[in-house]
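Reviewing the structure listed below.
What follows draws every value from the coordinates through simple rules; no lab data is involved. None of the values given here were measured: they were computed from a predicted structure. Note that we place each Cβ from the backbone using ideal geometry, even for glycine, and neighbour counts take in every protein chain shown.
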Amino acid sequence: MRTLALALALLLATPVAAETLSEEIARTGLAPTEARLAALTAPTNEDLFALAGLRFLGGVEQALQLRWKTGVKADWSELPILRLPIPENPNAIPFQAADFTALIRNLDADMDASREALAQLGDKPFSLPIRVADLWFDINANGTREEGESLAEVTGMALGGGRGMGVAVEDPVITFDTADAAWLSAYTHFLSGFASTALAYDPEPAIQRVIDSSREIYALWGPTPPHNAMDMMFGRQVDRAAMVLIALSKTPDKSLAQDAYGHFLSMIEENRRFWSLVALETDNTGEWVPNDTQVSGLGLRMPPGTGERWQAVLADAEKALNGELLIPHWRFGAEAGINLKKAFENPPAVDLVTWIQGEGLLPYAEKGPQMGGQAWRDFEDIVQGDAMLFAVFLN
């Protein structure tokens, strides 16, 4: 009995291994972990980056939850987040136009919150290992991880193999560091820029108009089957195109257009800061986006010079946003183009007929050097046909 008591005492005196942040996310999910970190009075540098990252992922999670609740399918390939595959909800409620506005506003608020944590962090050093398999989205909001909710399943981050751009990595662990905070900041600006652009055109009335008209159209069908499968094949795509074009036909809000403009410039600035920081790294442990001497922790093949080529693409984009390079138009010849800065300052309604013909873009047309595509072609060459994949990943 004395031996048993001694053994029990020793057992109780031995500290249980502390749960890592990655393990906490795997156990409780994004939102509960974010709430705990947000309540800390003296967060560490690792806590601040984790808080920013969880708010970023939480914005995506909220959007996916709203999609699941309303049954919005993953065929909205034109828009980020709305294109991500999620499980089907057999009891989805009807999607309303206000749902889209809520989705965009909530996403933007989460990006703001993420940047608040990053601002507290600044350029302070940190090192935070995260096991990719521990990350998941609570898509059906039931607090339990289920099939189809892992980060890899939702975002297609299983980069090993498949298309030649990666090598298989078993159970990858990414060690996030100071450079990755700049990468995250850049991505929050990208999504906020998207949100401000979408809200500038106030899409809610256009979406509701198409929803209502489609309902009336289907009421005309009656019990007789259609003579063809045109609606089954193209009906949803046509409705979406109508929503977008009707919304874009309105003159957008100038202040929101300026917000979008600022976010896109900040995205490029933060992306440049990221590459300057990652170039200084000498370690090679679980890299998120590696420099030329490092290896991706995800198994993504990064050809030497990828960062330099991508920065050239962003440099052209920055010059176009600043009006230093003009966007070519087929009617404006070789010496003139569209000043994108002017278009953001006085954003136009989109009229495809006059835009194609040229008249609708004359207020923004001027003589000057045109934006060429050589930087993008150089980038395509180095990543060997996976330019869009890398563009999404590198931001």
> For T224 and A391, FRET efficiency with R0 = 41 Å and r from the beta-carbon atoms, rounded to 0.05?
Replying inline: 0.30
> If you take the charge dipole of the stretch 18-157 about its Cα centre, with +1 on Lys and Arg Cβ and -1 on Asp and Glu Cβ, which of G58, L128, L21 is farthest toward its positive end?
Replying inline: G58
>> Give the separation of the Cα centroids, the stretch 179-238 to the stretch 244-306, in Å.
In response: 26 Å
>> I want to check the label-to-label distance for E116 and W330. Put each point 7 Å from Cα in the C-beta direction and report it in nm to one decimal.
In response: 4.8 nm
>> Under the 0.36 nm per residue contour assumption, what length would be gained going from the current alpha-carbon distance of L352 and T44 to full extension?
In response: 105.7 nm
> Which value in Å is the Kirkwood Rh of the stretch 317-356 over different Cα pairs?
Replying inline: 10.8 Å
> Label points 7 Å out from Cα along the Cβ direction at K254 and T70: separation in nm?
Replying inline: 3.1 nm
> How far, in nm, would the chain grow between E23 and A152 when pulled straight, counting 0.36 nm per residue and subtracting the alpha carbon separation?
Replying inline: 44.8 nm
> If the cut-off is 27 Å between C-alpha atoms, which lysines fall inside it for K319, apart from same-chain ones fewer than 8 positions away?
Replying inline: K254, K341, K342, K367
> One-quarter of the Cα convex hull surface for the chain, in nm²?
Replying inline: 26.7 nm²
> Based on DSSP H assignment, which helices of the chain show an axial Cα extent of at least 18 Å together with a mean Kyte-Doolittle hydropathy greater than or equal to 0.5?
Replying inline: 178-200, 230-248
> Hey, got the dipole for the chain? About the Cα centre, +1 on K and R Cβ, -1 on D and E Cβ, debye to the nearest 20?
Replying inline: 480 debye
> Along the charge dipole of the chain, Cβ charges K/R +1 and D/E -1, which of V72, G148, T44 sits furthest on the positive end?
Replying inline: V72
> How long is the gain from A98 to R209 if the chain were fully straight, where each residue apart is worth 0.36 nm and the alpha carbon distance is subtracted?
Replying inline: 38.8 nm
> Separation of the stretch 17-63 and the stretch 351-375 by C-alpha centroid, Å?
Replying inline: 45 Å
> In the P(r) worked out for the stretch 18-157, what percent of Cα pairs fall beyond 26 Å?
Replying inline: 25 percent
